[in-house]
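Participant: The structure is given below, and queries will be raised subsequently.
The values are calculated or read from the model by the stated rules, or taken from the named source; none is laboratory data. All values reported here derive from a predicted model rather than from experimental measurement. For neighbour counting, all protein chains shown are included, and Cβ atoms are generated from backbone atoms with ideal geometry for every residue, glycine included.
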Amino acid sequence: MIRSFKSTTQARGALAEDRALAHLQRHGLQPVVRNYRCKGGEIDLVMRTPDGTLVFVEVRQRSAAAFGGAAASVTPAKQRRVVVAALHYLATLAQLPPCRFDVVALAPGRLEWLPHAFDLDTAGDLY
């Protein structure tokens, strides 16, 4: 018997990322990296638009709309962790492309894609 060592929460998170990835691909974005991690941050999906823009995507899922739902759960602290990981990722590239930060928020029966959800200025101080 083959067992998965992922927790139920991790499995739900992976399914949410699968849904977000499929949605973004249907809208013309191509996957670059999934689950990029570094010290101080992580990015669920790194995608590329047809014009070459790198899109750093935070995927959030909530089972209810309480407390503002999934999109509201992308706090300034979470934004800072995504930005830290994005800067780390960008440091590995020879040439810096245009970039943006998107959020895909999932709730039962609903997927909301928020392009340009935050930027370096709204993510606050990194230090």
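Every residue, every condition in (1) over 12 Å from the mean Cα position of the chain (by Cα); (2) modelled with pLDDT of 95 or more; (3) over 18 Å from F118 (Cα atoms); (4) not hydrophobic (A, V, I, L, M, F, W, C), yes or no:
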site: D18; (1), (2), (3), (4): no, no, yes, yes
site: Q25; (1), (2), (3), (4): yes, yes, yes, yes
site: M47; (1), (2), (3), (4): no, yes, no, no
site: T75; (1), (2), (3), (4): yes, no, no, yes
site: R81; (1), (2), (3), (4): no, no, no, yes
site: Y89; (1), (2), (3), (4): yes, yes, no, yes
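Participant: Would you mind telling me which numbered condition in (1) surrounded by fewer than 17 Cβ atoms within 10 Å (Cβ to Cβ); (2) assigned to a strand (DSSP E or B); (3) at pLDDT below 95; (4) among the hydrophobic types (A, V, I, L, M, F, W, C) A117 fails?
Facilitator: (1)
Participant: So which residues in the stretch 15-61 are over 18 Å from R100 (Cβ atoms) and either in contact with a strand residue (DSSP E or B) (Cβ under 7 Å, 6 or more places away or on another chain) or assigned to a helix (DSSP H, G or I) (or both)?
Facilitator: L15, A16, E17, D18, R19, A22, R26, N35, Q61
Participant: All but one of (1) under 13 Å from A105 (Cβ atoms); (2) part of a helix (DSSP H, G or I); (3) among the small types (G, A, S); (4) modelled with pLDDT under 90 hold for A64; state the number of the condition that does not hold.
Facilitator: Just one mismatch for A64, condition (2).
Participant: So which residues in the stretch 93-117 are hydrophobic (A, V, I, L, M, F, W, C) and either in contact (Cβ under 8 Å) with a residue 40 or more places away in the chain or in contact with a Cys (Cβ under 6 Å, 6 or more places away or on another chain) (or both)?
Facilitator: C99, F101, V103, V104, A105, L106, A107, L111, W113, L114, A117, listed by residue number.
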